[in-house]
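Beneath this line is the structure, given in C-alpha cells, with notes to follow.
Read-outs throughout are calculated quantities, based only on the coordinates presented, and are distinct from any laboratory measurement. This structure is a prediction, so every number in the text was calculated from the model and none was measured. Please note: Cβ atoms are built from the backbone with ideal geometry, for glycine as well, and neighbour counts cover all protein chains shown.
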Amino acid sequence: MVATLTTIKHNKMRKKLPDSIKTMLIILVLITGTDLFEQLPWWSFVLPVLVLGVIAGLRHWQFSGFITGFIPGFIIWSGANSYFDLRLHGGVLNKLGVLITFPEIVVIIIAGLIGGVLTGLALYTGKCLSGREKPTDINSPIVI
C-alpha cells in the first residue's frame, strides 16, 4: 500500500516538473517582452501572466500556481534591479537606499519579492479563473 502511494506521488511529481519548467520559461519571456514597451505602466507585466494562467488551466497543465509564478517574477525583478544598478554605477539604488535607510541588496531583494508575489498571484488567479483549480480553503492543510 505504501509503495503504491509513493509510486502515485512520484508519477504526479514527474508530470508536474516539465509543466512547471515550461511555464516558468514562458513567464520569463512574457515579462521580458512586456518590459520592452516603455509606454506601458509598471504593473502591465501581470496581464500576460494572468492570461497564461487561464490558458494553462484550460490545457490541464499540472503545476503549483503561486510558486511557479513567484520564482520567475523574483528572478526578473531582482535581475533587472541588479542590472540597472551596475549599468548606472549604483546611482539609483544608493539614493533609494539612503532614502529608506536600507543597503542596496535589501532594496533588490524587496523589489524581487514584490515582483514575485505579483507574478505568483497573477498566475494563480488566472489558473483559478479557468475553472480547473479551486482556491484553497483557509481551513484545509497546505500541501506542497
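If r is the Cβ-Cβ distance from residue 88 to residue 26 and R0 is 22 Å, what FRET efficiency results, to the nearest 0.05? Between residue 88 and residue 26 the formula returns 0.15.
Rounded to the nearest whole Hz, the Karplus-based 3J(HN,Hα) values (6.51 cos²θ - 1.76 cosθ + 1.60, θ = phi - 60°) of region 41-47 follow the sequence x, 4, 8, 5, 5, 6, 5, with x at glycine and proline. Subtracting the Cα-Cα distance of residue 42 and residue 129 from their residue separation scaled by 0.36 nm leaves 29.0 nm.
Backbone phi angles across region 19-29, fed through the Karplus curve with coefficients 6.51, -1.76 and 1.60 (θ = phi - 60°), yield HN-Hα couplings of 5, 5, 5, 4, 5, 4, 5, 5, 5, 4, 5 Hz in residue order; Gly and Pro are listed as x.
For region 71-82, backbone phi angles converted through the Karplus equation (6.51, -1.76, 1.60; θ = phi - 60°) give residue-by-residue couplings of 4, x, x, 5, 5, 5, 5, 5, x, 5, 5, 5 Hz, Gly and Pro being listed as x.
For the peptides 80-92, 54-66, the ranking by packing is 54-66, 80-92, with the highest mean count of neighbouring Cβ atoms within 10 Å listed first.
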